[in-house]
């Protein structure tokens, strides 16, 4: 009952940011939240996923806490945070501890985030909440920069296809990838063809005036160590 009351309190504070999963016999409950810095602008890309596994004996038995997918902090800082969380658990056996762990992680990430996590990984300029988009792999950049990255990828694809006269091109990567981690954002993008290239066979050409229209990525209103090479 004490755990249920704590979880309800967390839901009232964090809303949909809190994910709660329970196994079939309700012997284990997992509480998960992606923690970001408590910064005023809300545009830092630093984050860590905090996962607390609670047994039926919680809080008498401390939860198992995992800190997953660290972004925008060094490996050394990640390990330091793990040790600090372990110490907090040891010092608070028998006490509700989930909110304290979440708050401590948010404060820690804010204090130890790389300065680059506050900058666009493409243009390296500061990000503001009004102009930031997030990729499916949880990397942040200026919306305009991501759109330019998409156009650049499509132009490169068009040049590669044209260089082979659109023959034997099965080995060419047609995907749009994250400029930070190279994960696939879109499996296949429409190429932008060089003006001197012949029309492709078997496929309709893009309407004139629309061939360079950038793909749109979802804007992020609130909110890692980045490095981007346009030549990759």
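The values are calculated or read from the model by the stated rules, or taken from the named source; none is laboratory data. Here the structure is a predicted model, which is why all the values come from computation and not from measurement. Note: ideal-geometry Cβ built from the backbone for every residue, glycine included; neighbour counts use all protein chains shown.
A few remarks follow.
- Every residue from region 147-177 that is closer than 22 Å to residue 134 by Cα and not in a helix (DSSP H, G or I): 174, 175, 176, 177
- Per-region count, region 144-176, residues under 28 Å from residue 126 (Cβ atoms) and modelled with pLDDT under 90: 0
- Subset of region 66-88 (residues that are at positive phi and either touching a helix residue (DSSP H, G or I) at 6+ places or on another chain (Cβ under 6 Å) or in a helix (DSSP H, G or I) (or both)): 72
- Residues that are modelled with pLDDT under 95 and closer than 16 Å to residue 108 by Cα, drawn from region 58-67: none
- Check on residue 136, outside the structural domain of residue 177 (by TED's automatic domain parsing) and part of a loop (DSSP other than H, G, I, E, B): no
- Residues within region 7-35 that are outside any strand (DSSP E or B) and touching a strand residue (DSSP E or B) at 6+ places or on another chain (Cβ under 9 Å), tallied: 8
- Residue 77, sole failed condition from (1) in contact with a strand residue (DSSP E or B) (Cβ under 7 Å, 6 or more places away or on another chain); (2) closer than 30 Å to residue 146 by Cα; (3) at pLDDT 90 or above: (1)
- Residue count, region 89-120 (criterion: in contact with a helix residue (DSSP H, G or I) (Cβ under 7 Å, 6 or more places away or on another chain), in a helix (DSSP H, G or I) and crowded, with 16+ Cβ neighbours inside 10 Å): 6
- One residue stands out in region 34-57 among those that are modelled with pLDDT of 85 or more and over 25 Å from residue 79 (Cα atoms): the one that is surrounded by the most Cβ atoms within 10 Å (Cβ to Cβ), namely 56.
- Among the residues of region 144-177, just one is surrounded by 20 or more Cβ atoms within 10 Å (Cβ to Cβ) and farther than 17 Å from residue 187 by Cα, namely 145.
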